[in-house]
Amino acid sequence: WGMVCPAETPEGQACGLVKNLALMAYISVGSPSAPIVEFLEEWGMENLEEYSSDMSKATKVFVNGVWQGVHRDPAQLVSTIKSLRRRGDIAAEVSIVRDVRERELRLFTDAGRVCRPLFVVEDQRLALTRRDVERLAMDDADAEAEEQQYDEEGNLLPSEVGKMKWNDLVENGKVEYLDAEEEETVMICMTPEDLEVSRVAAETGGAEVPQQQLADATATTKTGGGANTHTWTHCEIHPSMILGICASIIPFPDHNQSPRNTYQSAMGKQAM
């Protein structure tokens, strides 16, 4: 979902074997694993050489498939590594997978993993704010017109002023790149409107959300899940981002029989 286009694939014997990337998919370029291993040793990972009988209950820690050691408090470790990644101290493309059932923590820093960006959700609200969106939409003239703030020594203060770029969203922890394996361990909401409905439902104990309160005018009145309300960790940027370039230029692809989108994805290339 979201990594490979479901429509853009050839017909015939190569069908489903030749794949095309979705619009926002990204292939990891790889980063060194040594700093990660060093960090783990500082943060309470026990070495395999100092084996004790109670280690069998601890969580195994793997870095790029190599068993590095064990850790007693994996939940705390995962939350620390994720917060470091969102702050930009660890490369954005590092994958953090905690397998609770197998008692394993798998970290990947290697190249060639397909990742895709998602909005980060904190306390059931998007980390992305209206101000961030305004700064993304700014042109250079608007950015220059805004007043920058300086301290007494004349150094530029970090503030919510000036133009913002995509990389700033990633570095500030508003957007996160997840690979296929990490995606299995998170809860992804389909739209910001669904996130809002879910949050309101959780606060009102699962009561129905009136039409006026829904941000999206096309949304129908939805009921909250009450005790079953999800705890979301991420939100889709847009559901149409599952499509590749050729399929994304088809008008109303959701009103077509699916092979028609596949045919048009192949034929559209001849018109370009």
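Here are the numbers:
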{"read-out": "Options A34, A75, A91, A25; residue that is within 15 Å of the chain's Cα centre (by Cα) and more than 30 Å from A247 (Cα to Cα)", "value": "A91"}
{"read-out": "Positions within segment 227-256 being part of a helix (DSSP H, G or I) and aliphatic (A, V, I, L, M), in sequence order", "value": "A227, M241, I242, I245, A247"}
{"read-out": "Index of the failed condition, V18 passing every other in (1) of a type outside the set (D, E); (2) loosely packed, with under 13 Cβ neighbours inside 10 Å; (3) modelled with pLDDT under 90", "value": "(3)"}
{"read-out": "Residues being modelled with pLDDT under 55, more than 24 Å from L23 (Cβ to Cβ) and either of a type in the set (S, T, N, Q) or within 22 Å of the chain's Cα centre (by Cα) (or both) - total across segment 213-256", "value": "4"}
{"read-out": "Strands (runs of 3 or more DSSP E) contained entirely in segment 55-145, each with at least 1 residues that are closer than 20 Å to K174 by Cβ", "value": "95-99, 114-122"}
{"read-out": "Given (1) in contact with a strand residue (DSSP E or B) (Cβ under 9 Å, 6 or more places away or on another chain); (2) surrounded by fewer than 21 Cβ atoms within 10 Å (Cβ to Cβ), number of the condition L118 does not satisfy", "value": "(2)"}
{"read-out": "Subset of segment 146-183 (residues that are assigned to a loop (DSSP other than H, G, I, E, B) and modelled with pLDDT of 65 or more)", "value": "E152, E153, G154, N155, V161, G162, K163, M164, K165, N172, G173, K174"}
{"read-out": "Single residue of segment 33-54 satisfying the filter (acidic (D, E) and outside any helix (DSSP H, G or I)) that is modelled with the highest pLDDT", "value": "E46"}
{"read-out": "Candidate set from segment 162-192 (those that are within 14 Å of K82 (Cα to Cα) and among the β-branched types (V, I, T)); member that is surrounded by the fewest Cβ atoms within 10 Å (Cβ to Cβ)", "value": "V186"}
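The values are calculated or read from the model by the stated rules, or taken from the named source; none is laboratory data. Remember, it's a predicted structure, so these values are computed and weren't measured experimentally. Cβ atoms come from the backbone with ideal geometry, glycine included; neighbour counts cover every protein chain shown.
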